[in-house]
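Nothing in this text is a laboratory measurement; each read-out follows from the coordinates by a stated rule. Everything numeric here is computed off the predicted structure, so don't read it as measured data. When we count neighbours, we look across all protein chains shown, and the Cβ atoms used for this are built from the backbone with ideal geometry, even at glycine.
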Amino acid sequence: MLEVRGLTKIFGGLRAVDRASLEVAEGSIAALIGPNGAGKTTLFAAITGFDRPDEGSVRFCGADITGLPPHLICRQGMVRTFQVTQPFAQLTVRENIMVGAYLKTPERDAAAARAEAIARQLGMGELLDRTASGLTVAGRKRLELARALATQPRLLLLDEVMAGLNPSEIDALMPVIRGIRDAGVTVFLIEHVMQAVMSLAEHVYVLSYGRIIADGAPQQVAADPQVIEAYLGRGAAQRMAGAAHA
Amino acid sequence: MNRLLPLGLILLVAVYPFIFDSNFAINFGILVLFFALIGQSWNIAGGFAGQLSFGHAAFFGIGAYCSTILQLRFGVNPWLGLPASVAGGALAGALIALLSFRAGLRGSYFALITLAFAEAFRIIANSLAITGGGVGLLIPMQRSAANFQFPSRIGFYYVIAALAVLSIAVALWLKRSRFGARLAAIRENEDAARALGIDTFREKVKVMALSGGMCAAGGTFYAQYYLYIDPAVAFGVDKSVEMLLVTMIGGAGTVYGPLIGSLLLTLVGEVTRNLTEAQGLSLIIYGCLLVVIIGFLPNGLVELFRMRRRRRA
């Protein structure tokens, strides 16, 4: 469904994303992990048109979308959320979600109905008339998700929706994301919360210094010595192996 | 309640000249509605879409000059000049937006570039022959309704009333339409708006065209009412500030903010002017009142009504 080939994004002398290639299969949940500063958000931005890639290509459902502006990519069915939530602060939750819903319908009533349905699906039914600026962190994360879903995407790119949530909020959000996938939306997520990655993702890509250094099933990736070193430093994999033998 | 408000307003505006029929009162009504109209034009771009302009006089002046030049130089009836002005203002709005937003100007940079455009237009109007240069243009008096020069002020009153009510109708439509929702999204967070499939560039150009056209209608009305325009009146910073002020005082981004702000500011202006003979004192009082209003009600007078509703709830 999503095919990224040799994607490179350069800022000054820094190759923030360096020839990254990956694929996300339709109907799956895939994850992108990596240490802080690895370039995950930049990679998302380059895929969704917020940053024009310097090299490489992005194909979505067979069509080349490299370098298209974000609104056109969104209209083709790929939508992202932001790591730092970007609510329409002065608008109510309902109005926020309606902005997304208006992508597919010019009718106010239809957009409102869709917004309400999605809010209920995400457990925000009580908050519809609340102003977005008054939401908790967890509420804002859900609002990001709700707005994105309202555009009726085929592929949802989630940038750390779990970050900043407490364990019970994370437990509550996981089935929601699984439910979104079960409803037919492919999910690709950046995540630091390993518990979520392990239990949600079917395929994991690991990014370090802008490069994809490993990919595979979650268990397999977690045991990969290169991945361990990327997170814990050079030699860490060996020490861990040594400790296990001792 | 919300549905009755527009109807009540139309009724009030319609019967006002019958209740207060002095020349002073009619003129007062005209001023209130005039500033409500051009304030609303600013509000649609600045309040609804968050594109703050310091140079809306550009559109006002284009409206004033467009119909006046057509009339004086080409013999076009000002009633036909009015739609031509609206088209001219809309075109100018779209063009300024196109250039500014293509260059990626946002926030205070956009405000400054609009100010620069208005000043450029003022200087051009000052130096061309067709605009009469610094002397300005005097429209010969030929009092007849067919000529957009009403024998009595009441005629002018109903024209500006119709335009002001229309501008409020546009604002009401924006509050309930997809276009309006997209403008609010752009105002609140442009990146998030783009992520949700909104072509922010296009929507911003559209709203500036709408706002420019609306403002230009006010320009034509002004020229016909006073029968005289010059570059400083048409393109001066004063008009830009007045539009912004009535909206800010009333409540930016609200449907009735510009009307309420215009009512208060015109009232304060008239009262302070008649209060004292001392030169400049009225302006000092006017300024102090502005400070007080902005200090206590940073979201505008509309906030007063909201607070009452909240307390009741």
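With viscosity 1.306 mPa s and temperature 10 °C, the Kirkwood radius over alpha carbon pairs of the protein assembly as shown converts through Stokes-Einstein to a diffusion coefficient of 60 µm²/s.
Across region A:100-205, the relative contact order, built from alpha-carbon pairs under 8 Å that are at least six residues apart, equals 26 percent.
Within the protein assembly as shown, DSSP assigns beta bridges of which about 60% are antiparallel (rounded to the nearest 5).
For peptide B:195-207, compute the average count of partner chain beta-carbon atoms within 10 Å of each residue's beta-carbon. Provide the component values of the computation, followed by the final result.
Numbers: counts 18, 18, 16, 8, 6, 3, 2, 1, 1, 0, 0, 0, 0.
Taking all residues of B:195-207 together, the mean is 6.
Phi angles across region B:231-247 convert, under the Karplus curve 6.51 cos²θ - 1.76 cosθ + 1.60 with θ = phi - 60°, into 3J(HN,Hα) values of x, 5, 5, 6, 10, x, 4, 3, 4, 4, 5, 4, 4, 5, 5, 4, 6 Hz, Gly and Pro given as x. Listed values for region A:35-42 are Karplus-derived 3J(HN,Hα) couplings in whole Hz (6.51 cos²θ - 1.76 cosθ + 1.60, θ = phi - 60°), namely x, 4, x, 6, x, 5, 5, 4, and x replaces Gly and Pro. Which residue, B:Val233, B:Val15, B:Val86, tops the fluctuation ranking in a GNM of chain B built on C-alpha contacts under 10 Å? For chain B, modelled as a Gaussian network with Cα springs under 10 Å, the answer is B:Val15.
Within the shell defined by Cβ-Cβ distances under 14 Å, the residues around B:Gly132 carry a net charge of +1, with Lys and Arg each +1 and Asp and Glu each -1.
Size descriptors for region B:227-293: radius of gyration and Dmax over Cα atoms are 13.3, 37 Å. Taking one quarter of the surface of the C-alpha convex hull of region B:1-107 gives a mean projected area of 9.6 nm².
Under the 0.36 nm per residue contour assumption, what length would be gained going from the current alpha-carbon distance of B:Asp191 and B:Gln279 to full extension?
26.7 nm
Cross-link partners of A:Lys141 among aspartates and glutamates, defined as those whose alpha carbon lies under 12 angstrom from its own and excluding same-chain residues fewer than eight positions apart: A:Asp159, A:Glu160, A:Glu169. For region A:119-203, the convex hull spanned by the alpha carbon atoms encloses 94 Å³ per residue. Computing Rg and the Kirkwood Rh from the Cα coordinates of chain B gives a ratio, Rg/Rh, of 0.97. Take each residue in A:94-103, count the other chain C-beta atoms within 10 Å of its C-beta, and the mean is 5.
Take every pair of alpha-carbon atoms less than 8 Å apart whose residues are at least six positions apart; their mean separation over the length of chain B yields a relative contact order of 32 percent. Per-residue Karplus couplings for region B:254-270, computed as 6.51 cos²θ - 1.76 cosθ + 1.60 with θ equal to phi - 60°, are listed in order as 10, 5, 9, x, x, 5, 5, x, 5, 4, 5, 5, 5, 4, 4, x, 5 Hz, Gly and Pro entered as x. Taking every alpha-carbon pair under 8 Å whose residues sit at least 6 apart, region A:80-152 reaches a relative contact order of 50 percent. Around the amide H of B:Gln149, modelled in the peptide plane, lie the amide H atoms of B:Ser144, all under 5 Å away and 5 or more residues distant in sequence or on another chain. Computing Rg and the Kirkwood Rh from the Cα coordinates of region B:184-288 gives a ratio, Rg/Rh, of 1.09.
The Cα atoms of chain A cover 63, 40, 32 Å along the three principal axes, with the biggest extent listed first. Expressed to the nearest 5 percent, the antiparallel share of DSSP beta bridges inside chain A is 55 percent.
With R₀ fixed at 45 Å, the C-beta to C-beta distance from A:Arg59 to B:Val292 puts the FRET efficiency at about 0.15.
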